[in-house]
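The values are calculated or read from the model by the stated rules, or taken from the named source; none is laboratory data. Since the model is a prediction, treat every value here as computed from it, not as a measurement. Positions of Cβ are generated from backbone atoms using ideal geometry, with glycine treated the same way; all protein chains shown enter the neighbour counts.
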Amino acid sequence: MMAGIGLRRLNIEDMPAAAIVHRTSFDARLPWLAGLHTAEEDRGYWSGPLFKSCEIWGAERNGKLLGVIAFRQGWIDQLYILPEAQGQGIGSALLEVAKAAHPELRLWTFKCNTEARRFYEARGFKAIEETDGSGNEEKEPDVLYGWVG
């Protein structure tokens, strides 16, 4: 499973590649929301507010970024794995980095993203709250998950 894959904390120069992983994975899983942001907006978000507020780690093989996680005290803000790299343990390994850093974590995921929900539930996260989506920019019903180590 993780053959040839390395984990490391990402730096500002890695943020354009992180934005690509995010957008590629997001658009593959939720194609009806594709195009919500431009590539420039994605790069700005990852290089700006997210980089300033979160610790961001990546998983790579042969210099290619395959997955990213952005987390801060008590929260996972982003976790994305390229579609072709899913099912190889990369998401679990990145999630373990965040769990090792913080004894409690919360995250939001869309209610319709059943694969993400199964992933988090299999790793000890419990659904805390569901919303109708009126509080997120996508207007998609979502679920708040929590984990306590």
- Note on the structure: Quick count over segment 103-122, residues being touching a residue at least 40 places away in the same chain (Cβ under 8 Å) and surrounded by 14 or more Cβ atoms within 10 Å (Cβ to Cβ), is 6
- Message: Checking E96 against (1) at pLDDT 95 or above; (2) surrounded by 18 or more Cβ atoms within 10 Å (Cβ to Cβ); (3) within 17 Å of I5 (Cα to Cα); (4) not aromatic (F, W, Y), only one condition comes out false. Which one?
- Response: (2)
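With the requirement that a residue be outside any helix (DSSP H, G or I), touching a helix residue (DSSP H, G or I) at 6+ places or on another chain (Cβ under 7 Å), under 16 Å from A85 (Cα atoms) and modelled with pLDDT under 95, what does segment 1-43 give you? Spell out the reasoning first.
Restricting attention to segment 1-43, the residues satisfying the condition of being outside any helix (DSSP H, G or I) are 1-11, 30, 34-38.
Then keep just the ones that are touching a helix residue (DSSP H, G or I) at 6+ places or on another chain (Cβ under 7 Å); that gives 2, 5, 7, 10, 34.
Going one step further and asking which of them are under 16 Å from A85 (Cα atoms), we end up with 2, 5, 7.
Answer for segment 1-43, where residues must be outside any helix (DSSP H, G or I), touching a helix residue (DSSP H, G or I) at 6+ places or on another chain (Cβ under 7 Å), under 16 Å from A85 (Cα atoms) and modelled with pLDDT under 95: M2, I5.
Looking at segment 123-149, which of the residues that are assigned to a strand (DSSP E or B) and aromatic (F, W, Y) is surrounded by the most Cβ atoms within 10 Å (Cβ to Cβ)?
It comes out as Y145.
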- Task: Could you please tell me which pairs satisfy a Cβ distance under 7 Å, a separation of 6+ or placement on different chains, a first residue in segment 77-93 that is within 8 Å of L66 (Cβ to Cβ), and a second residue that is buried (at least 18 other Cβ atoms within 10 Å of the Cβ) and polar (S, T, N, Q)?
- Result: I81/S25; L82/S25
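Residues are listed down the side, and each one gets a yes or a no for (1) touching a Gly at 6+ places or on another chain (Cβ under 9 Å); (2) over 19 Å from G4 (Cα atoms); (3) outside any helix (DSSP H, G or I):
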{"residue": "Y45", "(1), (2), (3)": "no, yes, no"}
{"residue": "F51", "(1), (2), (3)": "no, yes, no"}
{"residue": "G58", "(1), (2), (3)": "yes, no, yes"}
{"residue": "L65", "(1), (2), (3)": "yes, no, yes"}
{"residue": "V68", "(1), (2), (3)": "yes, no, yes"}
{"residue": "F71", "(1), (2), (3)": "no, yes, yes"}
{"residue": "Q78", "(1), (2), (3)": "no, yes, yes"}
{"residue": "L107", "(1), (2), (3)": "yes, yes, yes"}
